[in-house]
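Chemist: Here it is, the structure, as structure tokens.
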Amino acid sequence: MLSECTMASPVGELTLVASAEGLRAILWAEEREGRVKLPERQGNPAHAILTEAVRQLTEYFAGERRAFDLPLDPVGTEFQKAVWTGLGAIPYGETRSYAALAIAIGRPGASRAVGAANGRNPLSIVTPCHRVIGANGTLTGFAGGLGVKQWLLAHERGEPTLALA
């Protein structure tokens, strides 16, 4: 059975889910039903992986951490996992287009499929799907909402961030 805990953050309450192998998901308070499929889980804030994830996310939000060092255990197709690995290669404070990400993972004609896989990323923030933007530089869909995406990008660029409503 999976374990979970919640944590308060500047971008709202987050629910963290872990298996025995690693962090499985980070869910938003207003999570879209079915975006991340998870089996039954129980509250367990003392779970070692969850404790470490909370610590590292707290450091990230405080501006003290730029990269995460957590065991990850996302569930998805091989293509989705390739996209999520590609997300992890986008440097802190930088962005990439869906097309650039598709090229980076060796699938240059698959930018729409990359977008779909990006939208199913179960590990928001830790696997930085917020760093993917439209080809014209516009902010595009994000499971946490565009305001949160904008906040995360400004935070990583060291720009002043406003409290979210």
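The values are calculated or read from the model by the stated rules, or taken from the named source; none is laboratory data. Just so we're clear, the structure is a prediction, and the values are computed from it rather than from any experiment. Note that we place each Cβ from the backbone using ideal geometry, even for glycine, and neighbour counts take in every protein chain shown. Surface accessibility is based on the protein's heavy atoms, side chains included, excluding ligands, DNA and RNA. Shrake-Rupley method; radii C 1.70, N 1.55, O 1.52, S 1.80 Å.
Chemist: Could we say that ALA102 is open to solvent by less than 20 Å² (accessible area, probe 1.4 Å), part of a helix (DSSP H, G or I), farther than 28 Å from SER3 by Cα and without any contact (Cβ under 8 Å) to a residue 60 or more places away in the chain here?
Modeler: yes
Chemist: Note down all Cβ pairs under 6 Å where the first residue falls in segment 72-86 and is under 14 Å from ARG24 (Cα atoms) and open to solvent by 50 Å² or more (accessible area, probe 1.4 Å), the second is of a type outside the set (A, V, I, L, M, F, W, C) and in a loop (DSSP other than H, G, I, E, B), and they're at least six residues apart or on different chains.
Modeler: As it stands, the answer is LEU72/GLY22, since those pairs meet every condition given.
Chemist: Any residue at all in segment 133-141 that's closer than 20 Å to ALA29 by Cα and open to solvent by 30 Å² or more (accessible area, probe 1.4 Å)?
Modeler: yes
Chemist: Take the residues in segment 28-53 that are open to solvent by less than 40 Å² (accessible area, probe 1.4 Å) and at pLDDT 95 or above, then tell me which one is nearest to CYS129 (Cα to Cα).
Modeler: For segment 28-53, the residue satisfying everything is ALA53.
Chemist: Another one. Please pick out the residue among THR127, THR58, THR51 that is among the hydroxyl-bearing types (Ser, Thr, Tyr), within 28 Å of GLU159 (Cβ to Cβ) and out of contact with any helix residue (DSSP H, G or I) (no Cβ under 9 Å at 6 or more places or on another chain).
Modeler: Among THR127, THR58, THR51, only THR58 is among the hydroxyl-bearing types (Ser, Thr, Tyr), within 28 Å of GLU159 (Cβ to Cβ) and out of contact with any helix residue (DSSP H, G or I) (no Cβ under 9 Å at 6 or more places or on another chain).
Chemist: Checking the condition closer than 26 Å to ALA135 by Cβ, hydroxyl-bearing (Ser, Thr, Tyr) and either modelled with pLDDT of 95 or more or open to solvent by less than 40 Å² (accessible area, probe 1.4 Å) (or both), which residue from SER97, SER19 passes?
Modeler: Being closer than 26 Å to ALA135 by Cβ, hydroxyl-bearing (Ser, Thr, Tyr) and either modelled with pLDDT of 95 or more or open to solvent by less than 40 Å² (accessible area, probe 1.4 Å) (or both) holds for just one of SER97, SER19, which is SER97.
Chemist: Exactly one of (1) closer than 22 Å to GLY34 by Cα; (2) among the β-branched types (Val, Ile, Thr); (3) assigned to a loop (DSSP other than H, G, I, E, B) is unmet by THR138. Its number?
Modeler: Of (1) closer than 22 Å to GLY34 by Cα; (2) among the β-branched types (Val, Ile, Thr); (3) assigned to a loop (DSSP other than H, G, I, E, B), only one is false for THR138: (1).
Chemist: Yes or no: ARG65 surrounded by fewer than 19 Cβ atoms within 10 Å (Cβ to Cβ), out of contact with any Phe, Trp or Tyr (no Cβ under 7 Å at 6 or more places or on another chain) and touching a residue at least 12 places away in the same chain (Cβ under 8 Å)?
Modeler: So ARG65 does not fit the description; no.
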